[in-house]
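Trainee: Please find one structure pasted underneath; my questions will follow.
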Amino acid sequence: MNDSVIRIDKLNLYYEKFHALKDINLDIPEKTVTAFIGPSGCGKSTLLRTLNRMNDMIPGTRIEGIVSIAGQDIYGDTMEVETLRKQVGMVFQQPNPFPKSIYDNVAYGPRLHGIRQKEKLDELVEQSLRQAALWEEVKDFLKRSALSLSGGQQQRLCIARALAVQPDILLMDEATSALDPISTVKIEELVQELRNRYTIVMVTHNMHQAARVSGRTAFFLNGVVVEAADTETMFSTPQDSRTEDYISGRFG
């Protein structure tokens, strides 16, 4: 297993009085796809959102324990959230392009971080769209509104937008659940290509997808990580009967 780039120790998260995550201990290896699986409401998206502090935006959220990325406690006093979100990009369930041109969507993050030279922006836009397997489809009309793209193209644009600030980690929260099967295949192929360059953590309801694209899988139930292992091991010989019941379709 690769070195862990994300370490989660004794993490507890509360929304007001609701105990959403309970004593989570989890290491996430570098440059690997790690899938979070489990039934709805089990805590997998909540944990994903702790990795770039998206839960900070929800009133009444309280966190105990440590989440460290590359050795730095991301909830520590010295961590700037803007810096963290540059390092840890995120793609959401519903494609959410800005109502701007395709070019301006991808250039948005780099501009926010102070890149102004047209040559450098052009280079980043092309590179990010190529990495998101979208360049060939949009290169002749970059000034067109991003909202004119299909749903699958919009989601790949959102991936390009996340990659444009050159993060180390990419979080994907059910990034294909709103897409048609052909678009889903394209995103899965894209994840396979990106995994050698980025650490990818994905939440998915689709166990077949987890089996196809991830190297590690963590199974969640009622706010607890029941089991985490290499994906092949998890699906062939789960250690916990609850994992086996979920994977075999007895519940969920």
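Here, each number is a calculation from the coordinates, and none is a lab measurement. None of these values were measured; they are calculated from a predicted model. Don't worry about glycine lacking a Cβ; one is built from the backbone with ideal geometry, like all the others, and counts go over all protein chains shown.
Trainee: So for I169, I58, fewest C-beta neighbours within 10 Å to most, what's the order?
Mentor: By the 10 Å Cβ count, ascending, the order reads I58, I169.
Trainee: Once you place label points 7 Å from the Cα toward the Cβ at Q127 and Q166, how far apart are they in nm?
Mentor: The modelled label-to-label distance comes out at 0.5 nm.
Trainee: May I ask you to compute the full-extension gain from Q93 to E30, defined as 0.36 nm times their residue separation minus their alpha-carbon distance, rounded to one decimal in nm?
Mentor: Going from the current span to full extension adds 20.4 nm.
Trainee: About its Cα centre, what dipole magnitude does the chain give when the only charges are +1 on Lys and Arg Cβ and -1 on Asp and Glu Cβ, stated in debye to the nearest 20? Before the final figure, lay out each step's value.
Mentor: Details: 29 positive and 33 negative charges, 136 e Å.
The calculation lands at about 660 debye.
Trainee: So if a site counts as exposed when it's one of the GluC sites (Glu not before Pro), its DSSP state isn't H, G, I, E or B, and it has at most 12 other Cβ atoms within 10 Å, what's the longest stretch of the chain without one?
Mentor: 81-252
Trainee: So, one more: Using a cut-off of under 16 Å, list every residue of segment 222-249 whose amide N is near the label point 7 Å from the Cα of E64 along the Cα-to-beta-carbon line.
Mentor: 224
Trainee: What dipole magnitude, in Debye to the nearest 20, does segment 74-218 give about its Cα centre under +1 on Lys/Arg Cβ and -1 on Asp/Glu Cβ?
Mentor: Around 180 debye, computed over segment 74-218.
Trainee: How about segment 1-64: which trypsin sites (Lys or Arg not before Pro) there lie in a loop by DSSP and see at most 10 other Cβ atoms within 10 Å? Before the final figure, lay out each step's value.
Mentor: Working: sites: R7, K10, K17, K22, K31, K44, R49, R53, R62; in loops: K17, K31, R53.
Sites meeting the loop and neighbour criteria: K17.
Trainee: Of I6, I182, how do they rank once you tally other Cβ atoms within 10 Å and put the fewest first? Numbers along the way, then the final one.
Mentor: Values: I6 20, I182 9.
The most exposed by this proxy come first: I182, I6.
Trainee: While we're on this one: Once the dipole of the chain is set up with Lys and Arg at +1 and Asp and Glu at -1 on Cβ about the Cα centre, which of I8, G89, A228 lies farthest towards its positive end?
Mentor: G89
Trainee: How big is the C-alpha Rg of segment 197-252 next to the rule-of-thumb value 2.2 N^0.38 Å, as a ratio?
Mentor: Rg over 2.2 N^0.38 Å, computed on Cα atoms: 1.08.
Trainee: E82 to E189: extension gain in nm, 0.36 nm per residue of separation minus the Cα-Cα distance? Let's see the in-between values first.
Mentor: Working: separation 107, 0.36 × 107 = 38.52 nm, distance 2.96 nm.
Taking 0.36 nm per residue and subtracting the Cα distance, the gain is 35.6 nm.
Trainee: May I pose another question? Sketch the reach of a paramagnetic label on D23 as a point 7 Å from Cα along Cα-to-Cβ, and name the residues of segment 209-235 whose backbone nitrogen lies under 19 Å away.
Mentor: 219-229, by backbone N distance to the label point.
Trainee: Another question, then. Among [x] 20.0, 65; [y] 18.2, 57; [z] 17.4, 51, only one was calculated for this model; which label is it, if the read-out is Rg and Dmax of the Cα atoms in Å?
Mentor: [y]
Trainee: Now, a different point. Using Cα centres only, tell me the gap between segment 41-56 and segment 74-113 in whole Å.
Mentor: When both Cα centres are located, 16 Å separates them.
Trainee: Name the trypsin sites (Lys or Arg not before Pro) in segment 202-252 that are in a loop by DSSP and that have at most 14 other C-beta atoms within 10 Å, would you?
Mentor: Details: sites: R212, R216, R242, R250; in loops: R250.
Passing both the DSSP loop test and the Cβ count: R250.
Trainee: Taking all pairs of different Cα atoms in segment 1-123, averaging 1/r and flipping that mean, what Kirkwood radius in angstroms comes out?
Mentor: On the way: mean 1/r = 0.0605 Å⁻¹.
Kirkwood radius, segment 1-123: 16.5 Å.
Trainee: Taking the alpha-carbon distance from K44 and a cut-off under 25 Å, which lysines remain once sequence neighbours fewer than 8 residues away in the same chain are dropped?
Mentor: K10, K17, K22, K31, K86, K186
Trainee: At 0.36 nm per residue, minus the direct Cα-Cα distance, what do E244 and Y75 gain on full extension? Give it in nm, one decimal, please. Present the calculation step by step, with values, prior to reporting the outcome.
Mentor: Numbers: separation 169, 0.36 × 169 = 60.84 nm, distance 3.42 nm.
Length gained between E244 and Y75: 57.4 nm.
Trainee: Sort S40, S150 by Cβ crowding within 10 Å, fewest neighbours at the top.
Mentor: Result, fewest neighbours first: S40, S150.
Trainee: List the aspartates and glutamates whose Cα sits under 19 Å from the Cα of K139, skipping any in the same chain fewer than 8 residues away.
Mentor: D104, E119, D122, E123, E126
Trainee: Do any trypsin sites (Lys or Arg not before Pro) in segment 74-142 lie in a loop, going by DSSP, with at most 10 other beta-carbon atoms within 10 Å of their beta carbon, and if so which?
Mentor: Of the trypsin sites (Lys or Arg not before Pro), the ones in loops of segment 74-142 whose Cβ has at most 10 other Cβ atoms within 10 Å are R116.
Trainee: Distance in nm between label sites at H205 and M57, each 7 Å beyond Cα in the beta-carbon direction?
Mentor: Here the modelled spin labels are 2.1 nm apart.
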